[in-house]
Amino acid sequence: MRADLPGISANVLTQRLTELEAKGLVRRVTLPPPANVQVYEATEWGLEAEPLIQSLGRWAARSPRHDPTLPLSGVSLMLSFKTMIDAKRARKIDARIGFRFGHDTYVARIKKGAIKIARAPIKDCDLLFEGAPTALAAVVYGGQPLDLIEVTGDQGLAERFVTLFPLPEKVAVPAH
């Protein structure tokens, strides 16, 4: 989890998870063997906050100080896709899209204007993006060329995919 949250110390992460668990937003569970490790998962009540967090994310992206070129993890990029997808642009797409960032793999299902993303092995995908999360973010949010990241599969779908997540217009800051 720390790898997906660059800049956070182990103590702060432990403190935040303990607070979230005490408030009933996450719970600690033990994975079955052979993993047999403790992980955190969101509770049903915790998952109800997702639309609120997405609204906050869209609001924050309007800040004149929002910098879409800052480093981010694969998890952060996947969450941003869930937050920023334009349902109208995606409504006619029905596809499975894979993402490989080093050892981390995700699969997104786009259907009827919605996107669902999970950590999962790459299989039966129409399209695969491979590379650094920051490179894919630069293509999607920064208008960089698609060849900045490795693309395997439906090239036309790749070209459409990178247009599905428009950033909102920045708020004008009044002069003092």
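The values are calculated or read from the model by the stated rules, or taken from the named source; none is laboratory data. Every value quoted in this text rests on a predicted model; they were computed, and no experiment measured them. Heads up, the Cβs are rebuilt from the backbone with ideal geometry, glycines too, and the neighbour counts pull from every protein chain shown.
Filtered by the rule that a residue be part of a helix (DSSP H, G or I), closer than 20 Å to Ser76 by Cβ and not aromatic (Phe, Trp, Tyr), the stretch 106-155 gives Pro133, Thr134, Ala135, Leu136, Ala137, Ala138, Val139, Val140, Gly142, Leu148.
Take Thr30 and tell me if it is modelled with pLDDT of 85 or more, among the β-branched types (Val, Ile, Thr), surrounded by fewer than 11 Cβ atoms within 10 Å (Cβ to Cβ) and over 16 Å from the mean Cα position of the chain (by Cα).
Judged against the criteria, Thr30 is a match.
Within the stretch 84-105, the set of residues being in contact with a Leu (Cβ under 9 Å, 6 or more places away or on another chain) and either assigned to a strand (DSSP E or B) or not assigned by TED's automatic domain parsing to the domain that holds Val140 (or both) comprises Ala95, Arg96, Ile97, Gly98, Phe99, Arg100, Phe101.
Which residue, of Ala114, Ala137, is surrounded by fewer than 16 Cβ atoms within 10 Å (Cβ to Cβ) and under 15 Å from the mean Cα position of the chain (by Cα)?
On the way: Ala137 fails: surrounded by fewer than 16 Cβ atoms within 10 Å (Cβ to Cβ).
Within the list Ala114, Ala137, the selection yields Ala114.
Could you please let me know if Ser63 is in contact (Cβ under 8 Å) with a residue 40 or more places away in the chain, closer than 25 Å to Val162 by Cα, surrounded by 15 or more Cβ atoms within 10 Å (Cβ to Cβ) and polar (S, T, N, Q)? Taking the combined requirement at face value, the residue does not satisfy it. Thr30 fulfils the conditions (1) assigned by TED's automatic domain parsing to the domain that holds Ala118; (2) touching a strand residue (DSSP E or B) at 6+ places or on another chain (Cβ under 9 Å) except for a single criterion, (1).
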